[in-house]
1. How high is the FRET efficiency from ALA84 to ALA49, r the C-beta distance, R0 22 Å, rounded to 0.05?
2. Taking H placed 1.01 Å from N in the peptide plane, check which residues at least 5 places from PHE64 or on another chain put their amide H under 5 Å from its amide H.
3. Is the shape of region 36-91 rounded, prolate or oblate, going by the alpha carbon gyration tensor and its root eigenvalues a ≥ b ≥ c, with a/c under 1.5 for rounded and a/b larger than b/c for prolate?
Amino acid sequence: MPRPDAGEERSAQISEAALAVFARDGFTQACMATSPRKRAVEYFEDYRAFFAGIIQAGIARGEFRPIDPTSVATTLLALFEGLALLWVLVVRSNRL
C-alpha cells in the first residue's frame with residue numbers, strides 16, 4: 001500500500017494536537033492561550049531577529065553597507081518563506 005502524502009499526514013497530526021488542546025483547555029481558552037497566530041508571530045520575530053543580528057554584525061565589520069538590518073531580515077524571511085511555499089505548492093506537486 002502506498003504511503004499517504006506527507007501533507008495529509010501532517011494535517012492529521014495538527015488536527016489531533018488541536019483536539020487535544022481543545023479537550024484539555026476548552027475551546028475558548030485554547031484559542032486565547034495557545035493561539036497558533038501568536039506562536040507563529042513569535043517564531044517569525046525570533047527568525048527575523050536572528051537574521052537582523054547577522055546583518056548587523058556584517059555592517060559592523062564593514063561586510064555590508066549601512067542599511068536597516070530589520071528591513072533586510074524581513075525581506076529575506078519573506079523570500080525564504082515564499083520560496084518554501086512555492087516549492088510545497090508547485091514543485092512537489094510536479095506543476096512546474
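1. Working: r = 19 Å, r/R0 = 0.87.
That pair, ALA84 with ALA49, gives E of 0.70.
2. ILE59
3. On the way: a/c = 3.49, a/b = 1.65, b/c = 2.12.
It is oblate, given that a/c is not under 1.5 and a/b is not larger than b/c.
Read the figures in this text as sums done on the coordinates, not as results from a lab. Quick caveat, the model's predicted, so the values are computed rather than measured. Cβ coordinates were reconstructed from backbone atoms using ideal geometry, including for glycine residues, and neighbour counts include every protein chain displayed.
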